[in-house]
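Student: Next up is a structure, given as structure tokens.
The values are calculated or read from the model by the stated rules, or taken from the named source; none is laboratory data. As the structure is a computational prediction, the values presented were derived from the model and not from experiment. Every residue, glycine as well, gets a Cβ built from its backbone with ideal geometry; the counts of neighbours run over all protein chains shown. Only protein heavy atoms, including side chains, enter the accessible area calculation; ligands, DNA and RNA are left aside. Shrake-Rupley method; radii C 1.70, N 1.55, O 1.52, S 1.80 Å.
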Amino acid sequence: PTVGTISNGATVERMVEAPFINSNNLFEFGFGMRHQNIADDIQEYRFIDSADYVTTTRYVKNKFTMLSNNYFGYLQYSFFDQDSSNVFNIGSRFNYMNWTNQLLLSPRLQYQYRPNLSVPTRINFSLGYYHQHPQYREFRNRDGMVNKDVTAQKSLQLITGIDRFLNLWGRPFIFTTQAFYKHLWDLNPYEIDNVRIRYYANNIAKGYASGLDMRINGEFISGTQSWFSLGLLKTMEDIENDDNGFQRRPSDQRITMGAFFEDHLRNDPSLRVYLNLNFGSGYPFGPPKSSTCLLYT
């Protein structure tokens with residue numbers, strides 16, 4: 001067994017893992033425990049000051065203390081055939097938090113097929129039910145009040161993709177493409193306020209996310225690693241009783257592109273140059289309380 005301890009601020013985590021394996025079967029499990037001690041004291045106000053006349057438009061004050069133990073673990077089984085052309089994995093994660101008294105189970109299924117082609121190829125398929133306990137900020141609403149009845153947000157995820165190992169210009173490359181769809185429910189809506197995230201602290205929305213990711217990386221220049229990527233994403237949510245139907249989620253970003261290019265001097269490979277470029281379309285935003293961007297003020 002492997003035992004490890006991770007400490008980060010007021011969070012202490014301990015994990016134990018143990019594998020059992022033979023030539024065609026792999027059985028793995030692990031479990032751990034995390035302790036959190038969080039104290040949150042919020043005091044904020046908003047006012048209008050005009051010609052020595054001050055009007056307070058918003059005032060929030062509250063204290064929030066959270067002492068919790070989180071017990072988590074996983075159990076999974078993997079099968080490999082003789083030539084590893086078929087790989088099958090099934091398993092589940094569990095998570096229990098005593099502060100909310102919720103036990104969460106997240107089963108998942110993965111399958112990988114490697115057809116006998118002239119170009120090495122992997123076809124991947126995965127299906128899973130995923131949810132996780134709320135973090136402490138998700139219990140606090142926009143007015144500073146704490147709702148301990150907030151439950152885990154849930155999703156059913158379907159992901160499929162293809163990896164192709166190429167040989168271009170006599171050098172190795174890999175092209176990866178992945179498509180996904182995620183059905184979301186019991187969502188806890190949130191809005192982005194400058195650099196802060198404000199939650200509704202209530203599971204009152206449903207939604208979905210779908211997209212496509214593509215990436216090619218390899219030795220565009222011999223002895224270096226460079227890559228180019230393109231991502232497409234659409235994620236929407238419908239909040240109960242707001243009469244707005246499906247709206248773009250704050251994380252909705254329709255297109256993202258990235259490039260990382262590496263080069264070196266031919267006579268001195270230790271001297272290298274890197275170029276990193278990222279582009280993303282804007283996130284949803286709009287004027288306060290607008291009908292099209294109600295959440296993103």
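Student: Rounded to the nearest 0.05, what FRET efficiency do Tyr283 and Asn124 have when you use their Cβ-Cβ distance and R0 = 25 Å?
Tutor: Calculated transfer efficiency: 0.30.
Student: Mind checking the log10 I(q)/I(0) for the stretch 105-249 at q = 0.17 Å⁻¹? Debye, one equal scatterer per Cα, no solvent, two decimals.
Tutor: Calculated log10 I(q)/I(0) at the listed q: -1.00.
Student: In the chain, carbon and sulfur make up what percent of the accessible area (probe 1.4 Å)?
Tutor: The value for the chain is 57 percent carbon and sulfur by accessible area.
Student: If the cut-off is 29 Å between C-alpha atoms, which lysines fall inside it for Lys154, apart from same-chain ones fewer than 8 positions away?
Tutor: Lys63, Lys182, Lys206, Lys234, Lys289
Student: In the Gaussian network model of the chain, springs joining C-alpha atoms below 10 Å, which of Ser210, Ser281, Ser78 carries the largest mean-square fluctuation?
Tutor: Largest GNM mean-square fluctuation: Ser281.
Student: Something else now. Which of the chymotrypsin sites (Phe, Trp or Tyr not before Pro) found in the stretch 146-254 are loop residues per DSSP with 14 or fewer other Cβ atoms within 10 Å of their Cβ?
Tutor: Those satisfying the criteria are Trp169.
Student: A further question on this structure: Name the long-range amide H neighbours of Gln132: under 5 Å, sequence gap of 5 or more, or other chain; modelled H, no Pro or chain starts.
Tutor: Gln153
Student: Separation between the Met214 and Ser229 pseudo-spin-labels, each 7 Å from Cα along Cα→Cβ, expressed in nm?
Tutor: The modelled label-to-label distance comes out at 1.6 nm.
Student: How would His133, His264 line up by accessible area, probe 1.4 Å, largest first?
Tutor: His264, His133
Student: Okay, moving on. Given that compact globular proteins tend to follow 2.2 N^0.38 Å, what is the ratio of the alpha-carbon Rg of the stretch 45-110 to that value?
Tutor: Normalised Cα radius of gyration, the stretch 45-110: 2.40.
Student: Another question, if that's okay. Among Thr151, Thr55, Thr224, determine the one that fluctuates most according to a GNM of the chain built with springs between C-alpha atoms less than 10 Å apart.
Tutor: Among Thr151, Thr55, Thr224, the largest GNM mean-square fluctuation belongs to Thr55.
Student: Taking the Cα centre of the stretch 14-132 as origin, work out the dipole magnitude from +1 charges on Lys and Arg Cβ and -1 charges on Asp and Glu Cβ, in debye rounded to 20.
Tutor: Value, rounded to 20: 160 debye.
Student: Continuing with this model, one more query. Using 0.36 nm per residue of separation minus the Cα-Cα distance, give me the extension gain between Val273 and Ile255 in nm, one decimal.
Tutor: Once the chain is fully extended between Val273 and Ile255, it gains 3.8 nm.
Student: Here's something else I'd like to know. Mind checking which of Phe79, Ala205, Pro250 is farthest towards the positive end of the chain's charge dipole, using Cβ charges of +1 (Lys, Arg) and -1 (Asp, Glu) about the Cα centre?
Tutor: About the Cα centre, the residue reaching furthest to the positive side is Phe79.
Student: If you don't mind, there's one more thing I want to ask. Any idea what log10 I(q)/I(0) is at q = 0.08, 0.09, 0.11 Å⁻¹ for the chain, Debye with uniform C-alpha scatterers and no solvent?
Tutor: Relative scattering, expressed as log10 I(q)/I(0), comes to -0.54, -0.68, -0.98.
Student: Take the alpha-carbon centre of the stretch 102-164, take the same for the stretch 36-87, and report the distance between them in whole Å.
Tutor: Each part's Cα centre sits 18 Å from the other's.
Student: With a 10 Å cut-off between alpha carbons and a GNM built on the chain, which of Asn202, Asn276, Asn86 moves the most?
Tutor: Fluctuation is largest for Asn276.
Student: Could you list the trypsin sites (Lys or Arg not before Pro) in the stretch 94-188 that lie in coil according to DSSP, counting only those with at most 15 other Cβ atoms within 10 Å of their Cβ?
Tutor: Working: sites: Arg108, Arg122, Arg137, Arg140, Arg142, Lys148, Lys154, Arg164, Lys182; in loops: Arg142, Lys148.
Counting only loop positions with at most 15 other Cβ atoms within 10 Å, the trypsin sites (Lys or Arg not before Pro) in the stretch 94-188 are Arg142, Lys148.
Student: Eigenvalues of the Cα gyration tensor times 5, then square-rooted: what semi-axes does that give for the stretch 180-251, in whole angstrom, largest first?
Tutor: In descending order, the three semi-axes are 36, 15, 9 Å.
Student: Placing +1 at every Lys and Arg Cβ and -1 at every Asp and Glu Cβ, with all other atoms neutral, what dipole size does the chain have around its Cα centre, in debye to the nearest 20?
Tutor: In debye, rounded to 20, the chain gives about 140.
Student: Also, I was wondering about something else. Please list, in order along the stretch 189-199, the HN-Hα scalar couplings obtained from phi with the Karplus expression 6.51 cos²θ - 1.76 cosθ + 1.60 (θ = phi - 60°), rounded to whole Hz, x for Gly and Pro.
Tutor: Coupling constants for the stretch 189-199: x, 9, 10, 9, 10, 6, 9, 10, 10, 10, 9 Hz.
Student: How far is it, in nm, from the label point at Asn62 to the one at Ile42 when both lie 7 Å from their Cα along the line to the Cβ?
Tutor: Inter-label distance under the simple model: 0.5 nm.
Student: I've got another one for you. I want to make sure I understand the PRE zone here: with the label point 7 angstrom from the Cα of Gln102 toward its beta carbon, which residues in the stretch 34-68 have backbone N atoms less than 18 Å away?
Tutor: Of the residues in the stretch 34-68, 34-38, 65-68 have backbone N under 18 Å from the label point off Gln102.
Student: Which of Ile159, Leu104, Asn141 sits closest to the plus end of the dipole of the chain, meaning its Cα is farthest towards the positive end, when Lys and Arg get +1 and Asp and Glu get -1 on the C-beta?
Tutor: Value computed over the given set: Ile159.
Student: What is the pair-distance distribution P(r) of the stretch 102-146, computed from all Cα-Cα distances in 5 Å bins starting at 0, with each bin given as a whole percent?
Tutor: P(r) for the stretch 102-146, in whole percents per bin: 5, 15, 13, 11, 11, 10, 9, 9, 6, 5, 4, 2, 0.
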